[in-house]
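One structure is given below, encoded as structure tokens.
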Amino acid sequence: MFISNTYKRLPIKVKNAKGIWIYNESGEKYLDTFSGIGVLSFGHCDEEINEAISMQIKKYTHISNFFINENAIFLAKRLVEETKKDGTVFFANSGTEANEAALKAIKKVKKGIIISFENNFHGRSIGSLSITGFQNLREQFEPLLSNIAFLPFNDSKKLENFIENEGNKISAIFVECVHGSGGLDTVNKDFVEVINKYKDIYDYIVVADEVQAGLGRTGEFYSYQNFNLNPDIVTVAKSLGGGLPLSAAIFTGKYKDVFSVGDHGSTFAPNPVSLAAGKTVINRITKTFLDSVKEKSSYLKNKLLTLKKNYPIIKEIKGIGLMLGIEINNNNYSEKIIEYGLNEKILLNVVKGNTIRLLPALNITYNEIDEMLYRLEKVIKKLNSC
């Protein structure tokens, strides 16, 4: 097919998409529960985003980083202000690149052990893969970066023991507050308290990976704000460009000027067309909008918990905001979940082998949530009878 075989692709030839719906060449429509893996916060073909893209294309599509784009200033200012700290932004094209920028900054200012956690996902390039907590993804590409320590997620005691033994040698800790690819587990209070406590003692750098969970998906602008984490660097991507490639590494406090001229760069980022779309996205993430995400999350989660009561095949409902997971009591049902979903015209994404990851558009309506639940229950019912 001339395309590298790196994904298990769905057997659908897409003709067009609108809102939460994807249409095939025959005109059949499928309810999309994962929005381009969390990229499309306002669904497919959002009119405001498309209009911003169209207007920018008529001006210019690329001029290089020897010029400043006013939308870049606007976006950077908002991203920094939402951290409630002083800071600067390095724009890139993907979450992986944002995390690479964070890694490079750490390497510049503080040598030592970088802590990551099991089931963290930070990317697939050599650097970002080195801190990704999936051994099966790393092993065939080793040796990767050295001085990386993987610890169990949410095991406060093991983390505390490690820091007390190695504290002066630790340069940074990467935290994914909601495990996007790792099963939708959320960081717990005790774990965060350990990270914050020893940060004051050993002055290590804390990086919050907000690539999937950031920009309103959890009901807060950044997901770490739900958990009282105190990061120095924040990485965002996915939904930032409104469907176009755009990411950012946000450096705050004493690390705000970590990069000097020539230290780092990108030919394409920030792309002016992506910035125009991104400005539209960011402008719409208001307090009222975030409150609506929380309300819809509560509604959806309560309905999912009812499903759990009715169908023993469901082990647990996990996640926060409109980033929810349905953990199934069988690790071998991944293909069945996708197949049954296609039969019911609902597109389902499975992570960690047994967890249905729901990342619907943040502006999904209650009627659309009900339709999603209706189709989802038919899938769960089939699984339960297997």
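Quick notes
- Considering only residues in the stretch 245-303 that are in contact with a Leu (Cβ under 8 Å, 6 or more places away or on another chain) and among the basic types (Lys, Arg), the one that is least open to solvent (accessible area, probe 1.4 Å) turns out to be Lys296.
- Residue match in the stretch 368-386 (condition: in a strand (DSSP E or B), in contact (Cβ under 8 Å) with a residue 24 or more places away in the chain, in contact with a Phe, Trp or Tyr (Cβ under 9 Å, 6 or more places away or on another chain) and closer than 22 Å to Phe42 by Cβ): no
- Where strands (runs of 3 or more DSSP E) fall entirely within the stretch 174-270, those with at least 3 residues that are touching a Gly at 6+ places or on another chain (Cβ under 8 Å) and closer than 30 Å to Ile364 by Cβ are at 233-236.
- Looking across the stretch 198-240, just one residue is closer than 24 Å to Gly43 by Cβ, open to solvent by 10 Å² or more (accessible area, probe 1.4 Å) and of a type in the set (A, V, I, L, M), and that is Val211.
- Sub-7 Å Cβ pairs linking a first residue in the stretch 159-170 that is open to solvent by 50 Å² or more (accessible area, probe 1.4 Å) to a second residue that is at pLDDT 95 or above and assigned to a helix (DSSP H, G or I), at least 6 apart or interchain, are Asn168/Tyr202, ordered by first then second residue.
- Residue in the stretch 363-371 that is open to solvent by 10 Å² or more (accessible area, probe 1.4 Å), modelled with pLDDT of 95 or more and in contact with a Lys or Arg (Cβ under 6 Å, 6 or more places away or on another chain) present: no
- Residue in the stretch 81-103 that is surrounded by 20 or more Cβ atoms within 10 Å (Cβ to Cβ), more than 23 Å from Val175 (Cα to Cα) and either over 25 Å from the mean Cα position of the chain (by Cα) or touching a residue at least 60 places away in the same chain (Cβ under 8 Å) (or both) present: no
- The residue of the stretch 104-126 that is farthest from Thr252 (Cα to Cα), among those that are within 18 Å of the chain's Cα centre (by Cα) and outside any loop (DSSP other than H, G, I, E, B), is Phe117.
- Residue in the stretch 67-77 that is within 16 Å of the chain's Cα centre (by Cα) and open to solvent by less than 90 Å² (accessible area, probe 1.4 Å) present: no
- Looking across Gln135, Gln140, one residue alone is open to solvent by 40 Å² or more (accessible area, probe 1.4 Å) and more than 23 Å from the chain's Cα centre (by Cα). It is Gln140.
- Any pair with Cβ under 7 angstrom, 6 or more apart, that starts in the stretch 326-341 at a residue that is in a helix (DSSP H, G or I) and ends at one that is at pLDDT below 95 and aliphatic (A, V, I, L, M): Lys336/Leu383; Ile337/Leu383; Tyr340/Leu383
- One residue stands out among those in the stretch 304-323 that are assigned to a helix (DSSP H, G or I) and charged (D, E, K, R): the one that is most open to solvent (accessible area, probe 1.4 Å), which is Lys309.
The values are calculated or read from the model by the stated rules, or taken from the named source; none is laboratory data. What you see is a predicted model; the values in this text were computed from it and never measured. All Cβ positions, glycine included, derive from the backbone under ideal geometry; neighbour counts span all protein chains shown. Calculation scope for accessible area: heavy atoms of the full protein, side chains included, ligands and nucleic acids excluded. Shrake-Rupley method; radii C 1.70, N 1.55, O 1.52, S 1.80 Å.
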